[in-house]
1. Note down all Cβ pairs under 7 Å where the first residue falls in the stretch 66-79 and is outside any strand (DSSP E or B), the second is surrounded by 14 or more Cβ atoms within 10 Å (Cβ to Cβ) and not polar (S, T, N, Q), and they're at least six residues apart or on different chains.
2. With respect to the numbered conditions (1) touching a Lys or Arg at 6+ places or on another chain (Cβ under 9 Å); (2) closer than 30 Å to Glu126 by Cβ, which one is the sole condition not fulfilled by Lys84?
3. What are the residues in the stretch 75-86 that are of a type outside the set (S, T, N, Q) and surrounded by 14 or more Cβ atoms within 10 Å (Cβ to Cβ), if any?
4. Which one is modelled with the highest pLDDT among residues in the stretch 129-147 that are over 22 Å from Phe117 (Cα atoms) and not in a helix (DSSP H, G or I)?
5. Please determine whether any residue of the stretch 104-125 is buried (at least 20 other Cβ atoms within 10 Å of the Cβ) and assigned to a loop (DSSP other than H, G, I, E, B).
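The values are calculated or read from the model by the stated rules, or taken from the named source; none is laboratory data. Here the structure is a predicted model, which means the values were calculated and not measured. Don't worry about glycine lacking a Cβ; one is built from the backbone with ideal geometry, like all the others, and counts go over all protein chains shown.
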Amino acid sequence: MKKKQTVLCIFWILTISLSFSEKGIADEWSLSLYGGVLLKGNLSDGSLLYSGFEDSYLVALALAKRVASYRDKIDLELEGQTVKHFKDQDHWEFNGLAAIRWLPFPWDNYIDTSFAFGAGLSYATETPKVEKRRRGDGQTQSFLSYLMLELDFALPKSQHWSLFTRIHHRSGAFGLFSGVTGGSNAVAFGIKYRF
């Protein structure tokens, strides 16, 4: 257990230190609040969005910083999340990730849209009950990988505020984490403020 905590601490230290990169690269922070429900389906088999819902919900607060940009087309962001689970699960989850955000879409003059994909690490304060029930005791653990897919929508004249939808995914990354092959998925909706 101490080895996992050490790895998690090192990851958070790297995330925080990278977020204070040189001024002028990119100075934009964002604060997001979102809520979601866990899905019964799997990300890998394509059953995600039509499989139904678990009686398990989450609320998350996320702080992100844009650390690099490329020609107003792509942003690189670092994000830290604090997540509270409730109903069938009652634990906290902490996630740190790097995300790539694609910015230009043809309809941006009407609805400014971006798409982000992020990957990182996830730590749950206890082994998630829904993951244990679905996968079995040996097929999940507190420390797993984290993936995020997000669509963000803003009005062009009020770009500080946006609404978004996101897939919140924890898994063993095809066995990379102690042979764990499964995990959990949630679909979430939220609001974001950029500053």
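1. Short answer, once both residue conditions are applied: Asp72/Leu103; Lys73/Leu103.
2. (1)
3. Of everything in the stretch 75-86, those that are of a type outside the set (S, T, N, Q) and surrounded by 14 or more Cβ atoms within 10 Å (Cβ to Cβ) turn out to be Asp75, Leu76, Glu77, Leu78, Glu79, Gly80, Val83, Lys84, His85.
4. Among those residues, the one meeting the criterion is Ser142.
5. No, the conditions are met nowhere in the stretch 104-125.
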